[in-house]
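Here is the structure we will look at.
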Amino acid sequence: MAAAATAGPSGQSPIRQSAMFDAPGRPRPLARRLAIHNFVVRSIRGFFEDRGFHEIPVTAMADHPARIQLDGMLLSGFPNVWCESEILPTGGRKEPRHLRGFKLMEAAGKDLTLDDLTDLQEDLLKAVALNLGADLLGGRDVTRLDRMLHVSHPRMKYRQALEILGSRGWSIPFGEELHAEAEATLTRFCGNMPFMVTHLPLDQTDPSDEEIAVNVAYILPYSGITMEGSVRPGDSPRSGFSLGLGHLLQYLMGLGSVMDTLIDPMDRLAKLMDNTPTPRAPRGDG
């Protein structure tokens, strides 16, 4: 039986449903993951440098110092800044079953509108994916990424997202987060392309004015929310976004779990420690 086809975005030729929604790929060997990680980090650094963003150092592995330090650099007169930091979740590196830390790339600027911010995020994603060749990713994933490089990524307001979900059987009250199944439904609606949801509510109790929350969530297939940004008007205007490197790598490699992107050698050590027999306590006398 022939695979069903669906019209591609922007008038492109039909795309097989089975190809569009294939299951994610397998984890790559450690050396390949390291090469992809390093290439992506270099690409992000080059992108910000080309756009005139100043890289600033932040305290390593702190709770969340980057936002404060980025704001401080903007107040000091720098128009656009970015940084790289590592965040440690609850449990830190002693927790073997989950991510023991994750890397964030964060950027901020003074004069960025919401449109500027969404354009910047889309340009960053495409710049990183553009030069990832088949020698690193493999031909299947290069073909998958090539589709998204040549189209504009859909953007919708939170209210529009709820209407789309409602027409597909979901009932999500205003103010609730979009859970993983809802994100998957919207991904299919957008032709399995990355897409953005803007004006997500900050306060569930006040749905009256969506312009209160001038923000954006960038949702990638398989990976979910990978970049989050916001625009803060006022006397000290500030716009910025954060990028979760692990989820970006998950999308680029077409993986089903962010855990499959890990290259931390401590993970292997943790597994070895989990398999080490626990020594018996010595018997007491008598």
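The values are calculated or read from the model by the stated rules, or taken from the named source; none is laboratory data. Keep in mind that what you see is a predicted model, and the values were worked out from it rather than measured. A quick note on method: Cβ atoms are made from the backbone with ideal geometry, for glycine too, and the neighbour counts reach across all protein chains shown.
Of all the numbered requirements in (1) part of a loop (DSSP other than H, G, I, E, B); (2) in contact with a helix residue (DSSP H, G or I) (Cβ under 6 Å, 6 or more places away or on another chain); (3) modelled with pLDDT of 50 or more, Ala3 misses one, and that requirement is (3).
Residues in the range 192-212 that are at pLDDT 75 or above and either over 18 Å from Gly175 (Cα atoms) or in a loop (DSSP other than H, G, I, E, B) (or both): Asn192, Met193, Pro194, Phe195, His199, Leu200, Pro201, Leu202. Taking the range 214-262 as the search range and keeping residues that are over 28 Å from Lys110 (Cβ atoms), assigned to a loop (DSSP other than H, G, I, E, B) and among the small types (Gly, Ala, Ser), which one is nearest to the chain's Cα centre (by Cα)? Per the criteria, the residue is Ser223.
Of all the residues in the range 114-146, those that are within 12 Å of Gly229 (Cβ to Cβ) and not β-branched (Val, Ile, Thr) number 9.
Within the range 116-155, the set of residues being part of a loop (DSSP other than H, G, I, E, B), over 19 Å from Ala217 (Cα atoms) and among the polar types (S, T, N, Q) comprises just one member, Asn131. Restricting attention to the range 164-184, the residues that are modelled with pLDDT under 95 and of a type in the set (Ser, Thr, Tyr) total 1.
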